[in-house]
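Chemist: The following block contains the structure, expressed as structure tokens.
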Amino acid sequence: MQTYLNIDNVVKKFGQFTALEKISFSIKEGEFVCFLGPSGCGKTTLLRCIAGLEAVTSGLMVQAGTDITHLPPEKRDFGIVFQSYALFPNLTVQDNIALGLKNQGHSNYDCINLVNKWLAMVGLTDFANQYPNQLSGGQQQRVALARALALSPGLLLLDEPLSALDAKVRTYLREEICRLQKKLGITSVMVTHDQEEALAMADRIVVMNQGVIEQIGSPQEIYEQPATRFVANFVGTMNFISASIINKSFIRIGESLLKIPENTPIKGIKSGLVDLAIRPECLYFCSESENSISVKIQFIEFQGAYYQVECQLWDELSAPSIYVNVPVREARKLNLKSQQTRNLAIDTT
Ligand code: ADP
Ligand code: MG
């Protein structure tokens, strides 16, 4: 696939404050990319720079072969959707969608056809004559999406489009956006602080932190091979268990000596203290005889599909917690209780 958008060494300063520090990456045609990071890390600023709503301090941006770095927003080719919907309250749903089309110079006849097509596309045909305040949040956001897409932009920009919606609607609209995006093949960038959303929706995720990129990769790469401790922590739950490497076969965690499985990625570390990064779903309770560590159960929290069990290394009450996810069916058999001492093994498959 061809590169559609190229961001090269983009810096954005607000006075003395550097909001974006040498940002470089590219997006392929038809790709769905999420900017993911905590509040204030620069996601919106980067999106606004791409839209031309914010001028970059330095760097280069090329969209579909054109240098857009210094073009005003109206000369750029994008549609944008905001968290707050930003519909015109005094216009009906159809007029909200038609306004941009009229400005683009479409005839009345074309406008009506296009409005109807896009209303059908987002499932709001019956709401054409309603006003925004007569619609739910999810419906308003679908109007905003239709309005952005009706102008057939080359690039769709979405700034936290789902953040104002409640959980059920959010999941529904997330699927709808993905479905439309794939159907239209439109190159899209979505800003989100919600890691679940990014994992579920993106082809690739750009993880940001304090104005820099921590990692770029597919959802699986980001989750399974986090490049930095920040990424490991921010995306999903990660246990960091301090351990000391005894030799190439054994590791000590707390009081327990553990055989190191053959395929463990210990990159060039031969001895000394390390932090093991282990996902809660990669730990399981086992019998004492297995290759395992002894822990004391502190809290058991029901999560619906699984129990999240918080443990601590047996003799270290000040030790950081170790979280273990136990599927409900398995939990019944195990009969786990708070304050029990149990054995934990690492699933290395
Ligand atoms: P995010 O969208 O990731 O939450 P933003 O891009 O909105 O973060 O903001 C990144 C940083 O830049 C924040 O520290 C914010 O306060 C600062 N910032 C954003 N816009 C401006 C502005 N217009 N003037 C000064 N500082 C700004
Ligand atoms: Mg933002």
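Each value in this text was obtained by applying a stated rule to the coordinates, not by laboratory testing. Note that this is a predicted model, so its numbers are computed, not measured. Heads up, the Cβs are rebuilt from the backbone with ideal geometry, glycines too, and the neighbour counts pull from every protein chain shown.
Chemist: Hey, what number do you get for the chain at 222 nm if only DSSP H runs of n ≥ 4 count, each worth -39500 (n - 2.57), divided across all residues, to the nearest 500?
Modeler: Details: 9 runs with 92 residues, N = 349.
Taken over the chain, the calculation gives -8000 deg cm²/dmol.
Chemist: Which entries in the list 12/43; 28/182; 28/183; 28/168; 117/183; 13/43 go over 22 Å, if you measure between the two C-alpha atoms of each? Mind dumping the intermediate values first?
Modeler: Details: 12/43 12 Å; 28/182 13 Å; 28/183 16 Å; 28/168 31 Å; 117/183 14 Å; 13/43 14 Å.
The answer is 28/168.
Chemist: Now for a different question. In debye, nearest 20, what is the charge dipole magnitude of the chain about its Cα centre with +1 on Lys and Arg Cβ and -1 on Asp and Glu Cβ, if you could check? Don't jump to the answer; show the numbers that get you there.
Modeler: Details: 32 positive and 35 negative charges, 20 e Å.
Using only the charged Cβ atoms, the result is roughly 100 debye.
Chemist: Next up: Sort 13, 248 by Cβ crowding within 10 Å, fewest neighbours at the top.
Modeler: Values: 13 14, 248 11.
Sorted ascending by nearby Cβ count, the order is 248, 13.
Chemist: To make sure I understand, if each residue's beta carbon is the centre and we count other beta carbons within 10 Å, what order do 296, 75 fall in, fewest to most? Could you put the intermediate results ahead of the total?
Modeler: Details: 296 17, 75 10.
Fewest-to-most Cβ neighbours within 10 Å comes out as 75, 296.
Chemist: Return the whole-Å distance between the Cα centroid of the stretch 110-161 and the Cα centroid of the stretch 211-258.
Modeler: Each part's Cα centre sits 43 Å from the other's.
Chemist: Now for a different question. Counting DSSP beta bridges with both partners in the chain, what percentage is antiparallel, nearest 5? If you can, show how the numbers build up before the last one.
Modeler: Numbers: 54 of 73 bridges.
Counting only bridges with both partners in the chain, antiparallel ones make up about 75 percent.
Chemist: While we're on this one: In which sequence would 36, 156 go, from the one with the fewest C-beta neighbours within 10 Å to the one with the most? Don't skip to the end; give the middle numbers.
Modeler: On the way: 36 29, 156 23.
If I rank by nearby Cβ atoms, fewest first, I get 156, 36.
Chemist: Still on this structure, please answer the following. Restricting attention to the alpha-carbon atoms of the chain, what are Rg (one decimal) and Dmax (integer), both in Å?
Modeler: Rg then Dmax for the chain, in Å: 24.9, 78.
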